[in-house]
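Asks: Sending over a structure as C-alpha cells; questions will come in a sec.
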Amino acid sequence: MTETPAPEKNWAGNYTYRAEKLHRPTTIEQVQEIVANAASVHVLGSRHSFNETADSLELISLKDLPADVVVDHKSQTVSLGAGMTYGDLARTLNDEGVALHNLASLPHISVAGAVATATHGSGVICGNLATAVAGLEMVTSSGEIIKASRGESDFDGLVVGLGGLGAVTRLTLDVQPAYGVKQQVFEGLSWKALYDHFDEITSCGYSVSIFTRWGQANDQVWVKSRTNEPDQVVGDLFGAVAATVDLHPIVELDPAPCTPQLGRPGLWSDRLPHFRMGYTPSSGQEIQSEYLIPRRHALGAIEALRALADGIRPILLVSEIRRVAADRLWMSTSYENDSVAIHFTWKREPGAVQQMLIQIEHTLAPFEARPHWGKVFHADAAAIAPLYKRHDDFVRLVERLDPRGAFRNSWLKAHVLGER
Ligand SMILES: Cc1cc2nc3c(=O)[nH]c(=O)nc-3n(C[C@H](O)[C@H](O)[C@H](O)COP(=O)(O)OP(=O)(O)OC[C@H]3O[C@@H](n4cnc5c(N)ncnc54)[C@H](O)[C@@H]3O)c2cc1C
C-alpha cells in the first residue's frame, strides 16, 4: 500500500481538492483498515466530476486493487474491481464477446464513479449506467464488508450512493452478446422539427444526441444505430442533412478525438462514446452542468431555456440533449422518470457560469429538473429533497451504514443530507 499527496485538481481543473492524502491500497483488507481508521474519507474515481463530491480529508484510489474481471456467460454478468475504467473493462468484454447496454460520452471514467453519480449515455430504452449494476460489494465506515444483489432490500438505495455509503470495491454488471454500432451525424435540425417530432427524432437510433448552441437551428444530431437493426433514417432527418465528413460536437474543434462517424460500423465500445480512449475528450478547458427533466416537461423546459439563449451562448461551448429511460434506483436522476437530459459544456469561466446557473435553475424549477450529481449546480438539500421520493430512505441508509459520518463530506451535507 502506498500513500501519496492527494491530486491537486479534478480532470477539468475547475476544482482544487482540499484532501491532504491519497491512499492506494492493493488489497481489500487494506481498504477496510484505511476506512475504519479515517475520520473523514471518500473514494476518488477518475476525477471526472466537476464539483466537490469526491473530496474529503483523506482520499482512497482503488486503481491498484486487482481488477479481476470475471465474465459469467450463464448469468450474463461481469464482475470487476470497481476502480476500473470503462475503456479497460471494454477490452476484456470484447475478448469475451459480450457488451454493456450503454456508455457515457467518454470511456475514460471509472465504473464505480460513474455508477455513484448516475452517469448516463443516451437512448429512449436505455437506463443510465447504474441500472446495469446487478450486485456490489462495499466497505462501510466500520470496516465491515457488505454485499448486495438486485432484488434485495435497500439494494436500489445502495447503487447510486453518491460516495456517501462506503467504498464500493466490486461491482457486478449485466452484459449481453456483443453488438455493432454505426453512427451518422445530421446537421441543421430546425427547432420546429424538434418540437413536432421530438420522440421520433430521439428514438431514430439506439442512442441519439442533439448538440445545440441555442441558435437559429440545432447544430448536430448524432444517431448511433445497432448494426443488427434496420436503419430508421434514410436520407435526411426531418430536414437535417447527413454530414459528409467526421465532426466534433464543438463545431470549431478537430474531430480526431471523436469516434468514427459516416455510418462506418464498429464495436459497441468504439461507437457509443463520442470520444475515443487515448485522446482528450471534449474540450478539456471546460465546466459542465446538466439537468434531467421528466419527458412530459421536456419541450416546455427547452423552450424556456431558449429564452435565455443570449445569456447562455457567450459562455457556452455546446449543449447536448439526450434521453434516459426511467429506473428504480432511489437517488438516480431518472428515478421513475423517462428523462430528457439537457447538458451544458461551458467555457472555463466559473464566475459567469455560476451566475448563469442561478437563472437556469430558476427557469427549470417548474419542470422538476434534477441536477446531474457530478456536475456544477446550485440546488441545496432543501431543494433537492422534494425531487426524490426515496430521499428520506436514502438519508436513513446513510445514517445506518455510516453512523459516525466518515463519508459525510461537505458536498453531501450541502446538496443531499442537509446539516444532519
Ligand atoms: C469530459 C467529461 C465527459 C463526461 N460525460 C458524461 C456523460 O456522457 N454522461 C454523464 O452522465 N456524465 C458525464 N460526465 C460526468 C462523469 O461521468 C461523472 O462526474 C462521474 O461521476 C465521474 O466518475 P469518476 O470516476 O471520475 O468519479 P469522481 O469524480 O472521482 O467521483 C465521483 C463520486 O463517485 C464517488 N466514487 C468514486 N468511486 C467510488 C467507489 N469505488 N466507491 C464509492 N464511491 C465512489 C466519489 O467519492 C464521488 O462522490 C463527464 C465528465 C467529463 C469530465
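The values are calculated or read from the model by the stated rules, or taken from the named source; none is laboratory data. Given the structure is predicted, the values throughout are model-derived calculations rather than measurements. Cβ: placed from backbone, ideal geometry, glycine included. Neighbour counts: every protein chain shown.
Asks: Looking at ALA82 and the list (1) within 8 Å of the ligand (Cβ to nearest atom); (2) within 30 Å of ILE201 (Cα to Cα), which single condition is not satisfied?
Replies: Tallying (1) within 8 Å of the ligand (Cβ to nearest atom); (2) within 30 Å of ILE201 (Cα to Cα), ALA82 fails exactly one: (2).
Asks: Any idea which residue in region 137-157 is nearest to the ligand (Cβ to nearest atom), counting only those that are assigned to a strand (DSSP E or B) and of a type outside the set (Gly, Ala, Ser)? Full working, then the answer.
Replies: Filtering region 137-157 down to residues assigned to a strand (DSSP E or B) leaves 137-139, 145-149.
Of the ones still in play, those that are also of a type outside the set (Gly, Ala, Ser) are 137-139, 145-147.
Numbers: GLU137: 10, MET138: 7, VAL139: 9, ILE145: 13, ILE146: 12, LYS147: 14 Å.
Looking at residues that are assigned to a strand (DSSP E or B) and of a type outside the set (Gly, Ala, Ser), I get MET138.
Per-residue answers, yes or no, for (1) of a type in the set (Val, Ile, Thr); (2) touching a residue at least 40 places away in the same chain (Cβ under 8 Å); (3) crowded, with 24+ Cβ neighbours inside 10 Å:
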{"position": "GLY45", "(1), (2), (3)": "no, yes, yes"}
{"position": "ASN51", "(1), (2), (3)": "no, yes, no"}
{"position": "ALA54", "(1), (2), (3)": "no, yes, yes"}
{"position": "VAL70", "(1), (2), (3)": "yes, no, no"}
{"position": "THR92", "(1), (2), (3)": "yes, no, no"}
{"position": "LEU100", "(1), (2), (3)": "no, yes, no"}
{"position": "ALA104", "(1), (2), (3)": "no, yes, no"}
{"position": "GLY123", "(1), (2), (3)": "no, yes, no"}
{"position": "ASN128", "(1), (2), (3)": "no, yes, yes"}
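Asks: For residues that are part of a helix (DSSP H, G or I) and touching a helix residue (DSSP H, G or I) at 6+ places or on another chain (Cβ under 7 Å), scanning just region 395-409, find the one that is nearest to GLY300 (Cα to Cα).
Replies: Step one: of region 395-409, the residues part of a helix (DSSP H, G or I) are 395-401.
Cutting the leftovers down to touching a helix residue (DSSP H, G or I) at 6+ places or on another chain (Cβ under 7 Å) gives us 395, 397-398.
Values: VAL395: 32, LEU397: 35, VAL398: 35 Å.
Only one residue fits best here, namely VAL395.
Asks: Name the pairs whose Cβ atoms lie under 8 Å apart, with the first residue in region 346-372 and assigned by TED's automatic domain parsing to the domain that holds GLU336, the second small (Gly, Ala, Ser) and loosely packed, with under 13 Cβ neighbours inside 10 Å, and 6 or more positions between them or separate chains?
Replies: From residues that are assigned by TED's automatic domain parsing to the domain that holds GLU336, the pairs are THR363/ALA307.
Conditions tested, residue by residue: (1) among the aromatic types (Phe, Trp, Tyr); (2) farther than 24 Å from PRO107 by Cα; (3) buried (at least 20 other Cβ atoms within 10 Å of the Cβ); (4) modelled with pLDDT of 95 or more.
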residue	(1), (2), (3), (4)
ASN228	no, no, no, no
THR244	no, yes, no, yes
LEU267	no, no, no, yes
ARG296	no, yes, no, yes
GLU303	no, yes, no, yes
ALA307	no, yes, no, yes
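Asks: Quick one: how many residues across region 30-54 are part of a loop (DSSP other than H, G, I, E, B), more than 8 Å from the ligand (Cβ to nearest atom) and within 19 Å of the chain's Cα centre (by Cα)?
Replies: Keep residues of region 30-54 that are part of a loop (DSSP other than H, G, I, E, B), which gives 38-40, 45-51.
Those still in the list that are more than 8 Å from the ligand (Cβ to nearest atom) too: 38-40, 51.
Right, trim to within 19 Å of the chain's Cα centre (by Cα) and you get 51.
Final tally of qualifying residues: 1.
Asks: Just one of (1) polar (S, T, N, Q); (2) in a loop (DSSP other than H, G, I, E, B); (3) closer than 30 Å to ILE384 by Cβ trips up GLN261, so point out which.
Replies: (3)
Asks: Cβ-Cβ under 6 Å, sequence separation 6+ or interchain: first residue in region 195-213 and within 16 Å of HIS101 (Cβ to Cβ), partner assigned to a helix (DSSP H, G or I). Which pairs?
Replies: VAL208/THR202
Asks: Among the listed residues ALA114, ALA134, ALA90, identify the single one that is out of contact with any Lys or Arg (no Cβ under 8 Å at 6 or more places or on another chain) and more than 10 Å from the ligand (Cβ to nearest atom). Full working, then the answer.
Replies: Details: ALA114 fails: more than 10 Å from the ligand (Cβ to nearest atom); ALA134 fails: out of contact with any Lys or Arg (no Cβ under 8 Å at 6 or more places or on another chain).
Going through ALA114, ALA134, ALA90 in turn, just one is out of contact with any Lys or Arg (no Cβ under 8 Å at 6 or more places or on another chain) and more than 10 Å from the ligand (Cβ to nearest atom): ALA90.
Asks: Need pairs with beta-carbon distance below 6 Å; first residue assigned to a strand (DSSP E or B) and within region 158-169, second not hydrophobic (A, V, I, L, M, F, W, C); sequence gap 6+ or separate chains.
Replies: Final answer for the pair search is THR169/GLU137.
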